[in-house]
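Novice: I'd like to ask you about the structure that follows.
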Amino acid sequence: MKLLYVHDYRERFGVEPICAMPSEHGMTIAPSTYYQWLAAPVRRAELEEAYLVNEIVDLYRKNWCVYGVRKMWHAATRAGMGVGRDQVGRLMRIAGIQGVRRGVHRTTTTTREPGAPRHPDLVQRGWRTPNRPDAIWVADFTYLWTACGFCYECRSSPTCTPGAFWDGRRR
């Protein structure tokens with residue numbers, strides 16, 4: 001973490017002044033530590049983590065890309081990887097993968113424009129008082145969830161039809 005800070009600001013301040021500043025507060029970082037860190041191509045822990053991420057992604061794909069952290073942890077244990085549940089979660093976050101969430105749908109089809117003009121209320125909310133059949137029709141435009149996403153549905157019905165509204169009484 002400290003070496004990343006040195007690396008980010010080395011062009012602006014220089015390595016030696018940045019390393020000298022924490023020593024005033026009792027924390028020492030030698031400039032040679034930074035240069036040794038910079039010369040090392042890839043750290044052993046980073047390399048092992050990259051291999052583990054690849055194994056997790058392969059395991060994820062073998063299981064139809066649906067397993068979450070808990071099931072991936074069990075699958076990794078069965079595969080003999082020897083990683084903990086929290087580590088599997090961290091590796092999945094690094095890889096950008098997640099399990100399927102069933103029943104949670106967050107689809108926004110439209111966004112409301114506050115300044116847009118609204119359609120006039122032509123029936124003045126008099127839904128239960130049509131005076132003749134087919135006088136007022138109600139339309140609904142919505143979407144339905146399917147196995148592969150969602151599809152749009154449009155329905156229309158007259159308000160004067162028997163059974164169009166349920167008034168709470170059994171007929």
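Novice: Is there any pair linking a residue in segment 123-139 that is at pLDDT 70 or above to one that is among the small types (Gly, Ala, Ser) and loosely packed, with under 10 Cβ neighbours inside 10 Å, with Cβ under 9 Å and at least six apart or on different chains, and which?
Specialist: 137/156; 138/156; 139/156
Novice: Still on this structure, I have one more. Please verify whether segment 27-42 includes one or more residues that are farther than 29 Å from residue 4 by Cα and without any contact (Cβ under 8 Å) to a residue 60 or more places away in the chain.
Specialist: Scanning segment 27-42 turns up no residue that is farther than 29 Å from residue 4 by Cα and without any contact (Cβ under 8 Å) to a residue 60 or more places away in the chain.
Residues are listed down the side, and each one gets a yes or a no for (1) loosely packed, with under 12 Cβ neighbours inside 10 Å; (2) without any contact (Cβ under 8 Å) to a residue 24 or more places away in the chain; (3) assigned to a loop (DSSP other than H, G, I, E, B):
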| position | (1), (2), (3) |
| --- | --- |
| 8 | yes, yes, no |
| 11 | yes, yes, no |
| 18 | no, yes, no |
| 45 | yes, yes, no |
| 49 | no, no, no |
| 58 | yes, yes, no |
| 77 | no, yes, no |
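Novice: Could you please find all residues in segment 63-75 being in a helix (DSSP H, G or I) and in contact with a helix residue (DSSP H, G or I) (Cβ under 8 Å, 6 or more places away or on another chain)?
Specialist: Selection gives 69, 70, 72, 73, 75.
Novice: Before we move on, is residue 38 modelled with pLDDT of 90 or more, out of contact with any Ser or Thr (no Cβ under 7 Å at 6 or more places or on another chain) and on the phi < 0 side of the Ramachandran plot?
Specialist: So residue 38 fails the test.
Novice: Is it the case that segment 99-110 has a residue that's in a helix (DSSP H, G or I) and touching a helix residue (DSSP H, G or I) at 6+ places or on another chain (Cβ under 8 Å)?
Specialist: No, there is no match, as no residue in segment 99-110 is in a helix (DSSP H, G or I) and touching a helix residue (DSSP H, G or I) at 6+ places or on another chain (Cβ under 8 Å).
Novice: Condition (residue is at pLDDT 80 or above, surrounded by 13 or more Cβ atoms within 10 Å (Cβ to Cβ), among the basic types (Lys, Arg) and under 30 Å from the mean Cα position of the chain (by Cα)) applied to segment 92-104: is it met by at least one residue?
Specialist: No, the conditions are met nowhere in segment 92-104.
Novice: Also: Criterion first (surrounded by fewer than 11 Cβ atoms within 10 Å (Cβ to Cβ) and either out of contact with any strand residue (DSSP E or B) (no Cβ under 7 Å at 6 or more places or on another chain) or assigned by TED's automatic domain parsing to the domain that holds residue 6 (or both)) does residue 39 satisfy it?
Specialist: Answer is yes for this residue.
The values are calculated or read from the model by the stated rules, or taken from the named source; none is laboratory data. None of the values given here were measured: they were computed from a predicted structure. Positions of Cβ are generated from backbone atoms using ideal geometry, with glycine treated the same way; all protein chains shown enter the neighbour counts.
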